[in-house]
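Below: one structure, written as structure tokens.
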Amino acid sequence: MPGSPRGLYRRILLLHRALPAALRALGDRYVKEEFRKHKAAGPAQAQRFLREWENYAALIQQQINEDKQNLRKKTVYGIQLTEEKLNDFRDEQIGQLKELMDEATKPVKKITISKDSKHKN
């Protein structure tokens, strides 16, 4: 497997810099949590973990490049998970996906500051 886990981690965080701010924050938080959780993974699990993150990094790199070249009408990052892929997930992972989906689809809150507001001490 090319590169080190730390190098892959850094590469992903660098790729996330090209994402919209909300996606970047969500993605960075998720990557950090997942890499932290898998520090003590066994060799087989670690290999699969790193392979999946390599695939993710390659996909995001491709989508960023396509977006920069305006090859897509609408910018969408990531992929639709197949039923086969979802069946490979543990219950805990399905829960994490649900949390990510909920977080990613939250309506954006807008804060407006009126010029008339007075700051009170």
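The values are calculated or read from the model by the stated rules, or taken from the named source; none is laboratory data. This structure is a prediction, so every number in the text was calculated from the model and none was measured. Backbone-built Cβ (ideal geometry, glycine too); neighbour counts: all protein chains shown. Areas reflect the complete protein model, heavy atoms only, side chains present, ligands, DNA and RNA absent. Shrake-Rupley method; radii C 1.70, N 1.55, O 1.52, S 1.80 Å.
Within the range 1-32, restricting attention to residues that are in contact with a helix residue (DSSP H, G or I) (Cβ under 6 Å, 6 or more places away or on another chain) and small (G, A, S), the residue that is nearest to A44 (Cα to Cα) is G27.
Keeping to the range 53-84, report how many residues are among the basic types (K, R) and at pLDDT 80 or above.
The qualifying residues number 1.
Taking the range 34-48 on its own, how many of its residues are closer than 19 Å to E99 by Cβ and either among the polar types (S, T, N, Q) or part of a helix (DSSP H, G or I) (or both)? Going through the range 34-48 one residue at a time, the tally reaches 4. What about V31, is it of a type outside the set (D, E, K, R), assigned to a loop (DSSP other than H, G, I, E, B) and in contact (Cβ under 8 Å) with a residue 12 or more places away in the chain? So V31 fails the test. Filtered by the rule that a residue be within 16 Å of the chain's Cα centre (by Cα) and β-branched (V, I, T), the range 53-83 gives I60, I64, T75, V76, I79.
Would you mind finding the one in A40, A57, A25, A44 that is among the hydrophobic types (A, V, I, L, M, F, W, C) and in contact (Cβ under 8 Å) with a residue 40 or more places away in the chain? Result of the check over A40, A57, A25, A44: A57. Residues that are assigned to a helix (DSSP H, G or I) and hydrophobic (A, V, I, L, M, F, W, C) were ranked within the range 78-104; the one that is surrounded by the most Cβ atoms within 10 Å (Cβ to Cβ) is L100. Among the residues examined, I64 does not qualify as open to solvent by less than 50 Å² (accessible area, probe 1.4 Å), part of a helix (DSSP H, G or I) and touching a Gly at 6+ places or on another chain (Cβ under 9 Å).
Residues in the range 43-52 that are surrounded by 10 or more Cβ atoms within 10 Å (Cβ to Cβ) and either more than 14 Å from the chain's Cα centre (by Cα) or modelled with pLDDT of 95 or more (or both): Q45, A46, Q47, R48, F49, L50, R51.
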